[in-house]
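The values are calculated or read from the model by the stated rules, or taken from the named source; none is laboratory data. Fair warning: this is a prediction, and the values are worked out from it, not measured in the lab. Every residue, glycine as well, gets a Cβ built from its backbone with ideal geometry; the counts of neighbours run over all protein chains shown.
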């Protein structure tokens, strides 16, 4: 299980949307880039504060639902980008001291509509020729598999992806009912003003999805960009031990993930930096006590007209 997968599990468990977008009615100024357009079917919530300068519980729930819906759009737009992911992992001993450190840098490619990791550095050093060739072979196998995919297999894969997105949408929408929210105030994030909202488990919440039963085990704080209504920052922490699945994987109290996002190309919000402290045990066999960070950079728009060719095709030219 990779660090990135553990981080994504935590995001899903807490249910707070990773990324989202929405415009407000105010016109852009010369100092502000134009706001990202919203799909026409997304309602714009009324975020007028009350006499006390606060948002109501219902306003904050509507706000989080909007951000959740926009997450679907941003996920699709992320497929139009290639980028770099640098991961630093510290394995800890029982006293929380670092036993070892590992650094890996990946190039994230888009191959036939799916993101693929290509390892390009270890411990901030380029791969040697043998390791590099192994990575190229891995990429070539993926290209060949997708190139030769039947229409039926592609249809099933696409239907599965649609179902997973819809299930994710339902789950995150349930989050809005699982927490009591509190508007802490506003803070600048990346030079832009953001709402700061705390979420604590709501007593008496009855989940409708089996995944939602974990929500009472987490609390968190989100920073939502006021102009785009995008998630600019997130801090999620486990406040109790969480048991997951028939293998009894346990996410321990104190496990924490913090995410920062950035506006890319004036059209999408994507991850910029993730820090994490993860304490997980799978059944009685293996534990993961690690902390570290991931840094995402060098986002580049992928040209959909470009052709991805394999190693053999390049040699033939």
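Key figures for this structure:
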read-out	value
Condition met for residue 157 (closer than 30 Å to residue 240 by Cα and either surrounded by 13 or more Cβ atoms within 10 Å (Cβ to Cβ) or in contact with a strand residue (DSSP E or B) (Cβ under 7 Å, 6 or more places away or on another chain) (or both))	no
Those residues of the range 239-258 which are in contact with a helix residue (DSSP H, G or I) (Cβ under 6 Å, 6 or more places away or on another chain) and surrounded by fewer than 24 Cβ atoms within 10 Å (Cβ to Cβ), in sequence order	240, 242
Residue count for the range 187-201, restricted to those that are exposed (fewer than 14 other Cβ atoms within 10 Å of the Cβ) and under 21 Å from residue 48 (Cβ atoms)	2
Some residue of the range 234-246 being under 18 Å from the mean Cα position of the chain (by Cα) and under 17 Å from residue 62 (Cα atoms)	no
Search result, residues across the range 184-198 that are more than 18 Å from the chain's Cα centre (by Cα) and at negative phi	184, 186, 187, 188, 192, 193, 194, 195, 196, 197, 198
Those residues of the range 209-229 which are in contact with a helix residue (DSSP H, G or I) (Cβ under 6 Å, 6 or more places away or on another chain) and free of Cβ contacts under 8 Å to residues at least 12 places away in the same chain, in sequence order	none
Residue check for residue 135: touching a strand residue (DSSP E or B) at 6+ places or on another chain (Cβ under 6 Å), under 30 Å from residue 104 (Cβ atoms) and modelled with pLDDT of 85 or more	yes
